[in-house]
Amino acid sequence: MFIQRLNWAAIGPTALFVLLWSAGAIFSKWGLEHASAFAFLLLRFVLACAALGLLALTRRRWLPARGSRRQVALVGVLLTGGYTIFYLLSLDAGLTPGVLATVLGVQPILTLMLVERRANLLRVLGLLLALGGLTLVVLDSLLAARFSLLGIGLSLAALLCITLGSIFQKGIQQSPMDVLPLQYAIGLLMCAVVAPFQPFDVEWSVGFIVPLLYMGVLISVGATLLLYRLIRMGNLVNVTSLFYLMPGCTALLDFLFLGNRMAALSLVGMGAIVVGLVLVFRPRG
């Protein structure tokens, strides 16, 4: 049976990753009430680099293995720097979070087309069902959307960065701790180049510091280490499809901790996502 064949050892790290990443949207929204977007991102990267530097110091290992540094750096450009910067710029260009989430929801399908020569019909149907469920979860944001050619172009650039970055990261057979310091240093450098051309305002308060610590340490270090572990050990399409769960889990956390009610369509969408992921994760053969 499907349930009997699940790798239960992977459920804990996977659930923790989904929970941490989903809560990141709530903490980011809180932090952005007290800082401009690129100020928050730049300081998040500074904090992440400091935390990774301390870990590298204790391990006495600062750089990835020779011969792999170009590929590690490329992932840093795409996945750490490029994706995050294009994500923020697309929102700044007027794209709503729902539209952006839907565009990025194409990633597992695009990954399937690029890395798997034979597409299993049930997996494709599962991905499409999950994407449809995601659309229902973010429907309110989609209906309120303001579309712009620049915003769509930037969101497609973010999609390309996260897709290619994940594929290249899959090919790196090293401990995530060996590659993250260099990748976040590159991301910090890229952000520092863009930040002077963006508003830079910070209100040093609890409402800024707590989200900064969460995003800079728990997301940039803890959740990213979990993500890289999942990418290294699992099927890449399966791992990227986990991001379909994020908007629904964020809405659920928003309801549980902040009391904001979920729309009925969001519940239907979450159900469709779960059914779709069951099809995606269903063992082949």
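Regarding Phe168, is this residue under 18 Å from the mean Cα position of the chain (by Cα) and touching a residue at least 24 places away in the same chain (Cβ under 8 Å)? I'd like the intermediate steps shown before the answer.
Values: under 18 Å from the mean Cα position of the chain (by Cα): yes; touching a residue at least 24 places away in the same chain (Cβ under 8 Å): yes.
In short, yes.
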- request: Could you check Val46 against (1) more than 24 Å from Leu218 (Cβ to Cβ); (2) part of a helix (DSSP H, G or I); (3) open to solvent by 30 Å² or more (accessible area, probe 1.4 Å) and say which number it fails?
  value: (1)
field: Filtered residues of region 84-98 (kept if farther than 28 Å from Ala185 by Cβ, part of a helix (DSSP H, G or I) and open to solvent by less than 10 Å² (accessible area, probe 1.4 Å))
entry: Gly98
task: Name the residue, out of Leu128, Leu136, Leu180, that is touching a Leu at 6+ places or on another chain (Cβ under 6 Å), part of a helix (DSSP H, G or I) and closer than 18 Å to Met270 by Cα.
output: Leu136
field: Residue in region 191-208 that is open to solvent by less than 10 Å² (accessible area, probe 1.4 Å), in a helix (DSSP H, G or I) and closer than 22 Å to Thr14 by Cα present
entry: no
- request: Among the candidates Asn260, Asn235, single out the residue that is under 30 Å from Leu121 (Cβ atoms) and without any contact (Cβ under 8 Å) to a residue 40 or more places away in the chain.
  value: Asn235
query: Condition test on Phe243, is it touching a Pro at 6+ places or on another chain (Cβ under 8 Å), open to solvent by 40 Å² or more (accessible area, probe 1.4 Å) and farther than 22 Å from Ile186 by Cβ?
result: yes
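The values are calculated or read from the model by the stated rules, or taken from the named source; none is laboratory data. Since we're looking at a predicted model, the values are computed, not measured. A quick note on method: Cβ atoms are made from the backbone with ideal geometry, for glycine too, and the neighbour counts reach across all protein chains shown. Side chains are part of the model used for accessible areas, which takes the heavy atoms of the whole protein and leaves out ligands, DNA and RNA. Shrake-Rupley method; radii C 1.70, N 1.55, O 1.52, S 1.80 Å.
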